[in-house]
Amino acid sequence: MITNMKRLLLLCTLLISFNSFANDFLDAAAAYERGDHTTALTLSKKLAEQGYASAQFLLGSMYKNGKGTPQNYKAAIKWYTKAAEQGEVKAQYNLGRMYQNGHGTPQDYKEAIKWWTKAAEQGEVHAQFNLGVAYARGAGTPQDYVMAHMLWNIAAANGDEGAKSNRNEVEGMMTPNQIEQAQQLAKEWIEKY
């Protein structure tokens, strides 16, 4: 009986703790939305330091955009990385952009591809589009029109009109066999993710 009581107490403590985080994060996000970036920074920094991925993402965005703090790409990368490692999809995408553009770090297309892949696997359409560009151009990876077509096909299915246009354009550089292969890969990706 004592063991069950301890479990119940632990569960209640976790729920209260999570509810407190959720309320604090909502306060931080609301402050950000209304332009009170100083309050948003203070609240999100506290939560980010406690390991909350959503707050880490918000803090990274504030450093990246200079909201409530001077712009600091290195700090943005630090917080985006912490959030991305916990699976925060927007942080994964933005971290890929930071590596792509060399903001706060040397430009590194392979790192960009790594983070965009993680985000793309979670359905992040912009990551799917950017991965298609990387494969089409051979940026950070060998040029591969089949992979570019596959990724743009997926992004197009997720509503990205630019991906649809790029997919159609790259088809002109592919054999019918390659197009078929890309379509099969897209089907498998969609089934898997």
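Each reported figure results from applying straightforward, stated rules to the coordinates on display, with no laboratory input. If you're wondering where the values come from, they're calculated on a predicted model, not measured in any experiment. Counting neighbours? That spans all protein chains shown, and the Cβs are built from the backbone with ideal geometry, glycine included.
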>> Sequence gap of 8 or more, or different chains, plus Cα separation below 20 Å: how many lysine pairs satisfy both in region 85-193?
In response: 8
>> Taking the alpha-carbon distance from residue 46 and a cut-off under 20 Å, which aspartates and glutamates remain once sequence neighbours fewer than 8 residues away in the same chain are dropped?
In response: 24, 27, 33, 36, 85, 88
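Ignoring everything except DSSP H segments at least 4 long, calculate the 222 nm mean residue ellipticity for the chain; use -39,500 (n - 2.57) per segment, divide by total residues, nearest 500.
Values: 10 runs with 151 residues, N = 193.
Per the formula, -25500 deg cm²/dmol.
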>> With an 8 Å Cα cut-off and a minimum separation of 6 or more residues, compute the relative contact order for region 40-173 in percent.
In response: 13
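What does the C-alpha gyration tensor say about the overall shape of region 101-193? Classify as rounded when a/c is under 1.5, otherwise prolate if a/b is larger than b/c, or oblate. If you can, show how the numbers build up before the last one.
Numbers: a/c = 1.87, a/b = 1.43, b/c = 1.31.
The shape class here is prolate.
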>> For a Förster distance of 22 Å, can you work out the FRET efficiency between the beta-carbons of residue 192 and residue 101, rounded to the nearest 0.05?
In response: 0.15
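For region 67-110, what is the relative contact order in percent, using Cα pairs closer than 8 Å and at least 6 residues apart in sequence? Let's see the in-between values first.
Values: 37 pairs, mean separation 14.5, N = 44.
Normalised by residue count, the contact order of region 67-110 is 33 percent.
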>> Cut-off 10 angstrom, C-alpha nodes, Gaussian network model of the chain. Which of 100, 183, 128 fluctuates the most?
In response: 183
> Looking at the square roots a ≥ b ≥ c of the eigenvalues of the Cα gyration tensor of region 133-180, which shape do they give, rounded for a/c under 1.5, prolate if a/b is larger than b/c, or oblate?
Replying inline: oblate
